[in-house]
Amino acid sequence: EISPGVLGVGSVRLHKERKMIAFPAVFNMNAGIVEYLLVANFGKTHESVLRTDVDPYQIHVAMLLLGAQGAGTNAFPTEPDQPLPGDRLTIETTWTTDGQEHRRRGEELVHNRITRTPLSPGPWIYNGSILVDGAFIAQLDGSIVSVIADPNALVNNPRPGHEDDELWMVRSTGLPAIETPVMVTFQLLETGVRSRSMPAR
């Protein structure tokens, strides 16, 4: 316990009453095609907007303590238009430049390279990665929040177009310099649901 109602799992802070976790990261890219919103430092950093030195298993432990479902229980559908299984959550990022605080939803950091519009507002899906022969794959791959369909990641994008690994780009407008510290917040909305259909934008 870090303070009343706040638990610590490594660098992750868990606010149980608010169904929320928060942890530090940095901006990793400000241009180009991406497949991930967030990866660990040892993950696919060449295609991720953000990166963190927090281990995926620490994030997963904190999410389990909030009531999210465990790895291996959320099998991905075989067809891309079928809804993803898991728990609905929101993602928010907060950073400071020149003494001014900036706050953006996770979907505002990525846009469709064809329509030039950001991901539509709404929840992401916490699927919790998978277990293979007892190995927690998110911890091996470093995949935390994926914009494309990736069962190895902890969190996935449920919007149409997530099957296309060349569709999404960093939405560079208004973003700070690479290496700028950012606080990432996951807030659990509901558990054990399948994602609803959402517009791709």
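Counting just the residues of segment 176-191 that are outside any strand (DSSP E or B) and open to solvent by 30 Å² or more (accessible area, probe 1.4 Å), which one comes out nearest to GLY99 (Cα to Cα)?
Across segment 176-191, the extreme among qualifying residues is ALA177.
Is it the case that some residue within segment 110-123 is assigned to a strand (DSSP E or B), under 24 Å from GLN58 (Cα atoms) and open to solvent by less than 60 Å² (accessible area, probe 1.4 Å)?
No: zero hits.
Condition check ((1) touching a Leu at 6+ places or on another chain (Cβ under 6 Å); (2) more than 21 Å from PHE136 (Cα to Cα)) across all residues:
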{"residue": "SER3", "(1), (2)": "no, yes"}
{"residue": "GLY10", "(1), (2)": "no, no"}
{"residue": "LYS19", "(1), (2)": "yes, yes"}
{"residue": "PHE23", "(1), (2)": "no, no"}
{"residue": "VAL26", "(1), (2)": "no, yes"}
{"residue": "ALA40", "(1), (2)": "no, no"}
{"residue": "GLY43", "(1), (2)": "no, no"}
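For segment 124-155, enumerate the residues that are open to solvent by 40 Å² or more (accessible area, probe 1.4 Å), of a type in the set (A, V, I, L, M, F, W, C) and part of a loop (DSSP other than H, G, I, E, B).
Within segment 124-155, ILE130, ALA149 meet the criteria.
Would you be able to say whether some residue in segment 39-48 is among the polar types (S, T, N, Q), open to solvent by 60 Å² or more (accessible area, probe 1.4 Å) and closer than 29 Å to GLY174 by Cα?
yes
Looking at segment 156-169, is at least one residue surrounded by fewer than 18 Cβ atoms within 10 Å (Cβ to Cβ), among the small types (Gly, Ala, Ser) and farther than 18 Å from ASN28 by Cα?
Looking through segment 156-169, none of the residues is surrounded by fewer than 18 Cβ atoms within 10 Å (Cβ to Cβ), among the small types (Gly, Ala, Ser) and farther than 18 Å from ASN28 by Cα.
Inside segment 1-28, can you point out the residues that are touching a residue at least 60 places away in the same chain (Cβ under 8 Å) and part of a loop (DSSP other than H, G, I, E, B)?
Within segment 1-28, ARG18, LYS19, ASN28 qualify.
Within segment 32-55, track down each residue that is out of contact with any Phe, Trp or Tyr (no Cβ under 8 Å at 6 or more places or on another chain), under 10 Å from SER146 (Cα atoms) and assigned to a loop (DSSP other than H, G, I, E, B).
none
Looking at segment 57-68, I want the residues that are part of a helix (DSSP H, G or I) and have a partner that is small (Gly, Ala, Ser) and open to solvent by 30 Å² or more (accessible area, probe 1.4 Å) with Cβ atoms under 7 Å, at least 6 apart or on another chain. Which pairs are those?
Qualifying pairs under 7 Å: GLN58/GLY10.
State yes or no: is THR78 of a type in the set (Ser, Thr, Tyr), open to solvent by 10 Å² or more (accessible area, probe 1.4 Å), at pLDDT below 95 and more than 16 Å from GLU47 (Cβ to Cβ)?
yes
Let's see how each residue does on (1) small (Gly, Ala, Ser); (2) over 23 Å from ASP165 (Cβ atoms):
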| residue | (1), (2) |
| --- | --- |
| GLY5 | yes, yes |
| GLY8 | yes, yes |
| SER11 | yes, yes |
| GLU17 | no, yes |
| LEU37 | no, no |
| ARG51 | no, no |
| VAL54 | no, yes |
| HIS60 | no, yes |
| LEU66 | no, yes |
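Would you confirm whether or not segment 97-108 contains a residue that is open to solvent by less than 30 Å² (accessible area, probe 1.4 Å), in a strand (DSSP E or B) and farther than 13 Å from ILE144 by Cβ?
no
The values are calculated or read from the model by the stated rules, or taken from the named source; none is laboratory data. Since we're looking at a predicted model, the values are computed, not measured. Positions of Cβ are generated from backbone atoms using ideal geometry, with glycine treated the same way; all protein chains shown enter the neighbour counts. All accessible areas refer to the heavy atoms of the entire protein, side chains included, with ligands and DNA or RNA removed. Shrake-Rupley method; radii C 1.70, N 1.55, O 1.52, S 1.80 Å.
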